[in-house]
Structures are given as structure tokens and as C-alpha cells.
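Worksheet: the structure to be examined is printed underneath.
The values are calculated or read from the model by the stated rules, or taken from the named source; none is laboratory data. As the structure is a prediction and not an experimental result, all values here were calculated from the model. Here Cβ is always computed from backbone atoms with ideal geometry, including for glycine, and neighbour counts include all displayed protein chains.
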Amino acid sequence: MSPTPPCVLAVAGSDSAGGAGIQADLKTMLALGVHGMSVVCAVTAQNSVGVQGYWEVPPDVVRAQLASVLGDIGVHAVKTGMLASAAIVEVVSSMLAGVPAPVVVDPVAVSKHGDSLLSAGTLEAVKAHLLPLATVLTPNLLEAELLTGSRITDEAGMRRAAEVLSSLGPRWILVKGGHLPGNPVDLLFDGSEVTRFPGQRIASRHTHGTGCTLASAVASFLALGMAVPAAVEAAKDYVTGAIGAGFPLGAGIGPVDHAWRIRQPVSG
């Protein structure tokens, strides 16, 4: 038998198109050499052109999934994504409060196409209950604006947002600057110092799932024993390659390629 790899738990929503959500989480974890597990909090009907609907999983079902995995297998890291409702946030937070493994929180609020993925009151519950448990919080600019109530238009605004978010409890905040013009810069803040992660903008529209993929990659590298800054750097390298290898799917925005490091050309 092979030794058991580190185990990483994704607590998120399902993406029927396979590019984001639980599907992206598990693909990322497989590609990076950890064992991915899942707690499904919502089911979406979505494709390359948008989200046609989503349905919350009952909180008791979310609780049962968490109890099943945590009670028997345990985790080396946790990644949370789309939690859909305040009730689900409260269940997830209560179940993770006693878990010693690092928790990476991707505060998913809006899809790549601009569709809301949260019911009323969910962001407030995230701020009150989940952020204090976060080892790393990974908001994009829109999510950082929603959580802080402040507009972000430049790198200085990203720094101010990170400071506000730090006061809510996360140990590290990674504010992703990809929505600003020019080459992207992400900022990692530990409560006192900022580490810049500059990058080159890749000319591709096929970027569905980048946020889920990055958060899952950070969680995977933490489970493999890396410190947070090294895990973030390795995760960004992986995601950059996945964006560069993104492919068309359907009529709209295609996904990043989670298997870019391992995919072999298909011979005729």
C-alpha cells in the first residue's frame, strides 16, 4: 500500500460545468498530490455563460457531512468557498472551531459572470463567525470591497482593505489585485507587513475557477507542510500555469486547466 497523502477538505458549492467550486477544488488537490475530500453546501446550475440557479443544502446535511469526515478521517487543511447562507456559515464555523488544521477562506460572493451566490445576511455571518477562524483569507477586489464597505481602485486601497480585514481575525490576508488594470499584483498581509506578489497578465478569457483554484492550492501546500508565504507563492505559480493553459468550453468563459502539469497530449 502507498502511504496516505495529506488530506484536504473542501467545503463549498458544486459547479455543474466543472470549472469552479468543489470540482475545481478536487482537481487542484489531485494535481498537487493531496487527498481531496468534500462537503457540498450548495448545488448550482451553471455553464460557461452564467449561473442559472443555485440551491442551498440543508444545514443539518452540511453538519452531517462535516461530522462524518472530521470524526473518522480528520484533515491537514480546510478550504471553504461558497457557503450560500448565514445558517450554513454558522454550522461550518461551529464545526471548524475545534479543528487545529489551517483554514483557507475564499469568501465567494459573486460568480465570474456577476451572479450573486449568497443569500441575505451571509456576508455578515462570514465576518462574525468564519473570518476569526481563517488562517488565510483570499478575497478578490470585489469580495474585499463587500467585506470592508470600501472601494478599491489601486494598490494602496488593497493595503487598506487588508488592514481592515486583518482586524476581523484572519491571521493572513491575500488580497488579489487581478481586477485592476495593468499587470496584476497580489498583496499578502500578516497584520504588520505586506509581501507583494507581482505577475504578468495572461491574455486569456478562459479564467473560470481561478479563485477556487488558488485557495485550494494554498490549502494543499499548507497541508504539505509549507509556511504561508511559500504556500501562496507556490499556489500562484500553479494558478498562473493553469490560466495559461485554460481552454474554451461552451459559448462563454472556459475554465483554467487544473491538469496542466500532468496532462499528456492525446495521440491519434
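Worth a mention:
- If you go through segment 6-20 and pick out every residue that is farther than 24 Å from residue 253 by Cα and touching a Gly at 6+ places or on another chain (Cβ under 6 Å), you end up with 1.
- Test result for residue 164, surrounded by 13 or more Cβ atoms within 10 Å (Cβ to Cβ), under 18 Å from the mean Cα position of the chain (by Cα) and more than 26 Å from residue 9 (Cβ to Cβ): no
- If you go through segment 179-196 and keep only what is surrounded by fewer than 20 Cβ atoms within 10 Å (Cβ to Cβ), within 21 Å of residue 257 (Cβ to Cβ) and in contact with a helix residue (DSSP H, G or I) (Cβ under 8 Å, 6 or more places away or on another chain), you end up with nothing.
- Pairs, first acidic (Asp, Glu) in segment 141-165, second surrounded by 15 or more Cβ atoms within 10 Å (Cβ to Cβ) and not in a loop (DSSP other than H, G, I, E, B), C-beta under 8 Å, six or more apart: 143/110; 145/161; 155/185; 155/187; 163/189
- In segment 120-143, residue modelled with the highest pLDDT [restricted to those that are farther than 24 Å from residue 184 by Cβ and charged (D, E, K, R)]: 127
- Only one entry of 108, 92, 126 meets the criterion of being under 17 Å from the mean Cα position of the chain (by Cα), part of a helix (DSSP H, G or I) and touching a residue at least 60 places away in the same chain (Cβ under 8 Å), and that entry is 92.
Per-residue answers, yes or no, for (1) modelled with pLDDT of 95 or more; (2) of a type in the set (D, E, K, R); (3) surrounded by 24 or more Cβ atoms within 10 Å (Cβ to Cβ):
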position	(1), (2), (3)
202	no, no, no
221	yes, no, yes
225	yes, no, no
228	yes, no, no
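- Pair list, Cβ under 6 Å, 6 or more apart: segment 218-230 residue closer than 13 Å to residue 76 by Cα and of a type in the set (Val, Ile, Thr), other residue outside any helix (DSSP H, G or I) and modelled with pLDDT of 95 or more: 218/104; 218/136
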